[in-house]
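Worksheet for the structure shown next.
The values are calculated or read from the model by the stated rules, or taken from the named source; none is laboratory data. Because the structure is a prediction, the values reported are computed rather than measured. Methodologically, a virtual Cβ is constructed for each residue, glycine included, from the backbone with ideal geometry; neighbour enumeration extends over all protein chains shown. Note: accessible area is taken over every heavy atom of the protein model, side chains too, but ligands, DNA and RNA are not part of it. Shrake-Rupley method; radii C 1.70, N 1.55, O 1.52, S 1.80 Å.
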Amino acid sequence: MITKEVLNRINELARKKRSEGLTPEELAEQRKLYDIYLSSIRGQVIDLLECVEFADEETIKKSQKRIVRQAVINLGERVYN
């Protein structure tokens with residue numbers, strides 16, 4: 001998981017690398033943090049792709065009608081409540 005601390009440390013090491021360079025220990029830490037960051041991003045992409053569904057045109061039309069009907073119902077509830 002990408003935490004604020006991980007991102008801050010990645011950025012801190014990147015700035016130091018550009019300005020003065022990193023020690024071998026810092027380079028190893030930077031690689032480890034990049035691995036954590038990239039695995040988290042890959043996981044997010046995989047999760048997103050697993051939710052993708054392919055549908056034919058008829059299914060899309062039915063879904064659009066259902067969404068519109070639900071929006072009208074929700075609007076009606078707001079108006080009458």
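Does at least one position in the stretch 42-60 carry a residue that is of a type in the set (Ser, Thr, Tyr) and within 24 Å of the chain's Cα centre (by Cα)?
No.
Answer yes if at least one residue in the stretch 2-23 is at pLDDT 90 or above, under 26 Å from the mean Cα position of the chain (by Cα) and assigned to a loop (DSSP other than H, G, I, E, B), and no otherwise. Yes, that holds for at least one residue.
Within this structure, residue 33 fails the test of being open to solvent by 90 Å² or more (accessible area, probe 1.4 Å) and assigned to a helix (DSSP H, G or I).
When 55, 28 are screened for being open to solvent by less than 100 Å² (accessible area, probe 1.4 Å), on the phi < 0 side of the Ramachandran plot and either in a loop (DSSP other than H, G, I, E, B) or in contact with a strand residue (DSSP E or B) (Cβ under 6 Å, 6 or more places away or on another chain) (or both), only 55 passes.
Of all residues in the stretch 4-19, none are surrounded by fewer than 11 Cβ atoms within 10 Å (Cβ to Cβ) and hydrophobic (A, V, I, L, M, F, W, C).
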